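Below is one structure, written out as structure tokens, with a few remarks after it.
Coordinate-derived values only; no laboratory data. Small disclaimer: the values here were computed from a predicted structure and weren't measured. Cβ placement follows ideal geometry from the backbone for every residue including glycine, while neighbour counts extend to all protein chains displayed.
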């Protein structure tokens, strides 16, 4: 079956399934990152609330949930970007261009709202994620430290829209 990528419909109600997908997709990070992912503190109900303030994109293989990405529009003068977060692609679907398709949808949304960049963050320890985003034309703009840490823990990456 062909995987479709698009905005979640308002009637979407599979929050437990979405939470499970994110937990499975982020599980490999647990032994590698410090501090632990904020996802560990997020429930299915929190994801539903998140979708009220952010645009949820889904990758669907028929009825099967293959991936997701949340996009938050930030139009403050110093931000002016669409922030892509909680991006996940089920292991069975990796390598099929789904992340690229999520980014295309995020770019389309950003342009609709007059924003000039996409932005995301990835953990310092996850070099393979950084490399993936670099292949999608993101560049590192900043290293950041979580509260209480005296070393960089994540990287902000940005892709200008021209």
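So here's what we get for this one:
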read-out	value
Inter-site label distance for residue 52 and residue 74 at 7 Å from Cα along Cβ, in nm	2.2
Packing-based exposure ordering (other Cβ within 10 Å, fewest first) of 113, 19	113, 19
Bridge type composition, the chain - antiparallel percent by DSSP, nearest 5	95
Computed lengthening from residue 132 to residue 42, 0.36 nm per intervening residue step minus Cα-Cα distance	29.9 nm
Percentage relative contact order, the chain, counting C-alpha pairs under 8 Å, at least six apart	20
Candidates 141, 99, 122: whichever shows maximal mean-square fluctuation once the chain is modelled as a Gaussian network with Cα springs under 10 Å	141
222 nm mean residue ellipticity, helices alone, for the chain (DSSP H n ≥ 4; -39,500 (n - 2.57); rounded to 500)	-8500 deg cm²/dmol
Förster-model FRET efficiency, 25 Å R0, residue 24 and residue 104, C-beta, rounded to 0.05	0.55
Prolate/oblate/rounded call for region 36-108, Cα gyration tensor, a/c under 1.5 rounded	oblate
